[in-house]
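Written out below as structure tokens is the structure these notes cover.
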Amino acid sequence: MARIVSAAEAAQHIADDAVVTVSSSSGLGCPDAVLSAIGARFEAEGHPRGLTTLHPIAAGDMYGIKGIDHIARDGLLSRIIAGSYPSGPSSLPMPEIWKMLTENRVAAYNVPSGILFDMHRDVAARRPGVLTKVGLDTFVDPRREGCAMNAAAAEAPIVSRQEMGGETWLHFPNIVPDVAVIRATTADERGNLTYEHEGAYLGGLEQAIAVRNHGGLVIAQVKRVTASGSLRPHDVRVPGHLVDLVVVDAEQRQTTETLYDPAISGEIMRPWSSFSAAPAGVEKLLARRAAMELSRGMTANLGFGISALVPRILLEAGEPDAVTWAIEQGATGGMPLLDFAFGCASNADAYMPSPQQFTYFQGGGFDLSFLSFLEVDRTGNVNVSKLGKKPYLTAGCGGFVDITAHARKIVFSGLFEAGADLALGQDGLTVRAPGKFTKMVDAVEHVTFSGARARETGQEVLYITERCVIRLTEAGLLATEIMPGVDPARDIVAASEGRVQIAEGATEMPRALFAEGPMELAL
């Protein structure tokens, strides 16, 4: 039977040099009280020391839920392996974990979220680590950075290339976790966990099994405790025999800036009219063009940024449920939410555990993916995971590499230049002044998506910008559709320093993109 303890007492059970796996997705499902207690114990006692932490998705954010920053302290943290990291605008202070990372004070790795979940399942079953093609020819590949984010990590590789059956694979050896820190809504007196107020299940079950199968400690943070036997067995997501300690935090937030919204956890359904449409502007223009790639009945994946606006285009067109959306935190169907609530959905059809959602993504079972880009190079490589000058503006790769590895079709969206003076009219877009720099570069700083591998495997790849629609071809980047009002020679070819060329027979992007009312979609 699990014991109900304070967060401070739970922190006392974590030994020096332990490997601690944490279930979270930024502010969503973050066991913040337990992480805070670990940091407080270290400040008072100097223990635990030398922790390795595993984060399939980021723990905490820059907007009020500190998460990993509670334990980002010299001596406490020696190694961090994460799918993503807290991120935000340059106007906010740099998170402590990013300071440690950039100053080489902790060995830091960025491993795709799906692979990290796979690592937990394989270590739980005592298999010999993860063999995968996810990440080949990207920064994940040891021929590039091998997931290392700094020199300290590069000195201790965690992935290798292996030949098997005449094919090349990436191998991630087992990392056995000693402690799991997970979160749920309710625990009964036996430690059974239910998630009725949570916006996602994430991977707490897989993390708990990985720890339990190796004799470790499972700590569950919950909002409340109920009597033994009062939970419906079908509602229990983590059974009590896997849980050792239960910590109650009655104030735990559902996600950032949201204490509790029953629509996020699927307890009520919102009227479609209660969702806001995408605000007018260039980003809406891009989201509209992206939405034109959809057909009724498709299943599409969504990433953060401009792509997250695509469901709002269908909403405005009166077709909110014509497409099934699938996001990496696990929500399937419904309306994916924006801003602080990204990663959640209202009116979802189902909530998949993240590890199973990533299995679906890695195998390419969906029809297409809408993602954003920071920069694109002449061979079609995309970077979303590293900005050397302002590192914490990006969260890292998250599920991006898992999603793009075998996707049939990928639609990237982003601005052609940074800081250009753009004028939107009823019939077109004018570039009044060039930007500070082009996002169409000679070579990306970090290869999060490999254009060469996409061509090799036959993926269809589009890059939608405010100036043109670009397609990845054997000849490189070709603009096949030009935005009305744009000068192709000046605003595309010259602005990209020749990295984007104009295709023969290039057409004009539809003027319907500029419609003041809803745009009709041929779904």
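The values are calculated or read from the model by the stated rules, or taken from the named source; none is laboratory data. Everything numeric in this text was worked out from a predicted model, so none of it was measured. Here the Cβ positions follow ideal geometry from the backbone for every residue, glycine too, while neighbour counts run over all protein chains shown. Accessible surface is based on the protein model in full, side chains and every heavy atom, while ligands, DNA and RNA are left aside. Shrake-Rupley method; radii C 1.70, N 1.55, O 1.52, S 1.80 Å.
The listed peptides 323-331, 213-221, 111-119, 255-263, ordered by packing as a protection proxy, come out as 111-119, 323-331, 213-221, 255-263 (highest mean of other Cβ atoms within 10 Å first).
Full extension from residue 131 to residue 213: what is 0.36 nm times the residue separation minus their Cα-Cα distance, to one decimal in nm?
Values: separation 82, 0.36 × 82 = 29.52 nm, distance 2.07 nm.
The span from residue 131 to residue 213 would gain 27.4 nm if fully extended.
The spacing between region 2-26 and region 296-370, judged by their C-alpha centroids, is 32 Å.
Where the only charges are on Cβ atoms (+1 Lys, Arg; -1 Asp, Glu), what is the dipole of the chain about its Cα centre, to the nearest 20 debye?
Details: 45 positive and 61 negative charges, 98 e Å.
Magnitude of the dipole: close to 480 debye.
Model label points for residue 432 and residue 257, set 7 angstrom from Cα along the Cα-to-Cβ axis, are 2.9 nm apart. Of 247, 52, 34, which is farthest on the positive side of the dipole of the chain, counting Cα position, with +1 on Lys and Arg Cβ, -1 on Asp and Glu Cβ, and the Cα centre as origin? So the residue furthest toward the plus end is 52.
When the dipole is taken about the Cα centre of region 422-504, and only Lys, Arg (+1) and Asp, Glu (-1) are charged at their Cβ, what size is it in debye, to the nearest 20? Mind dumping the intermediate values first?
Values: 9 positive and 12 negative charges, 44 e Å.
Dipole about the Cα centre, nearest 20: 220 debye.
Of the residues 351, 101, 425, the one whose Cα sits farthest towards the positive end of the charge dipole of the chain is 101 (charges of +1 on Lys and Arg Cβ, -1 on Asp and Glu Cβ, taken about the Cα centre).
Highest average first, the peptides 377-386, 395-404 ordered by how many other beta carbon atoms sit within 10 Å of their residues are 395-404, 377-386. Rolling a 1.4 Å probe across all protein chains gives residue 272 an accessible area of roughly 90 Å².
Pairs of C-alpha atoms in region 370-467 farther apart than 24 Å represent 26 percent of all such pairs. Applying the criteria of a DSSP loop state and at most 13 other Cβ atoms within 10 Å to the trypsin sites (Lys or Arg not before Pro) of region 431-466 yields 436.
Could you tell me what fraction of 2.2 N^0.38 Å the Cα radius of gyration of region 207-281 comes to, as a two-decimal ratio? It would help to have the intermediate numbers written out before the result.
Working: Rg = 17.6 Å, N = 75, 2.2 N^0.38 = 11.3 Å.
Working it through for region 207-281, the quotient is 1.55.
The length gained by stretching the chain between residue 78 and residue 295 to full extension, at 0.36 nm per residue less their Cα-Cα distance, is 73.3 nm. Charge tally around residue 297: other residues with Cβ under 13 Å, Lys/Arg +1 each, Asp/Glu -1 each, net -2. Just so you know, the Cα atoms of region 1-108 work out to an Rg and Dmax of 13.3, 47 Å. Once the convex hull of all Cα atoms in region 135-287 is built, its volume per residue stands at 236 Å³. Computed packing ranks the peptides 509-519, 179-189 as 179-189, 509-519, most packed first, by mean other Cβ atoms within 10 Å.
For the chain, the solvent-accessible area works out to 37 Å² per residue, with a probe of 1.4 Å and every protein chain left in place.
Quick one: with all protein chains in place, what share of the accessible area of region 448-523 is carbon or sulfur, to the nearest percent (1.4 Å probe)? Don't skip to the end; give the middle numbers.
Values: 1610 of 3330 Å².
Exposed carbon and sulfur together represent 48 percent of the surface.
The modelled label-to-label distance for the pair residue 168/residue 63, using points 7 Å beyond Cα in the direction of Cβ, is 4.0 nm. Rounded to the nearest 0.05, what FRET efficiency do residue 224 and residue 350 give with R0 = 22 Å and r taken as the Cβ-Cβ distance? Could you check? The formula returns an efficiency of 0.35 here. Rounded to 0.05, the FRET efficiency of the residue 502 and residue 267 pair, given R0 = 41 Å and the Cβ-Cβ distance, is 0.20. For region 301-421, the Cα gyration tensor yields ellipsoid semi-axes of 24, 17, 14 Å (square root of five times each eigenvalue, largest first, whole Å).
Carbon-plus-sulfur accessible fraction, region 215-357 (probe radius 1.4 Å, protein heavy atoms only): 53%. Label positions at residue 90 and residue 235, each projected 7 Å from the Cα along the C-beta direction, are separated by 4.9 nm.
Solvent-accessible area of residue 123, all protein chains in place: 0 Å² (probe radius 1.4 Å, heavy atoms, ligands and nucleic acids excluded).
Put 190, 212 in order of accessible area, highest first, and with a 1.4 Å probe you get 190, 212.
Got a number for carbon plus sulfur as a percent of region 1-71's accessible area, 1.4 Å probe?
Numbers: 1140 of 2320 Å².
Heavy-atom surface of region 1-71 belonging to carbon and sulfur, 1.4 Å probe: 49 percent.
For residue 66, give me every one of the lysines with a C-alpha distance below 25 angstrom, ignoring sequence neighbours fewer than eight places off in its own chain. Partners found: 99, 223, 386, 389, 390.
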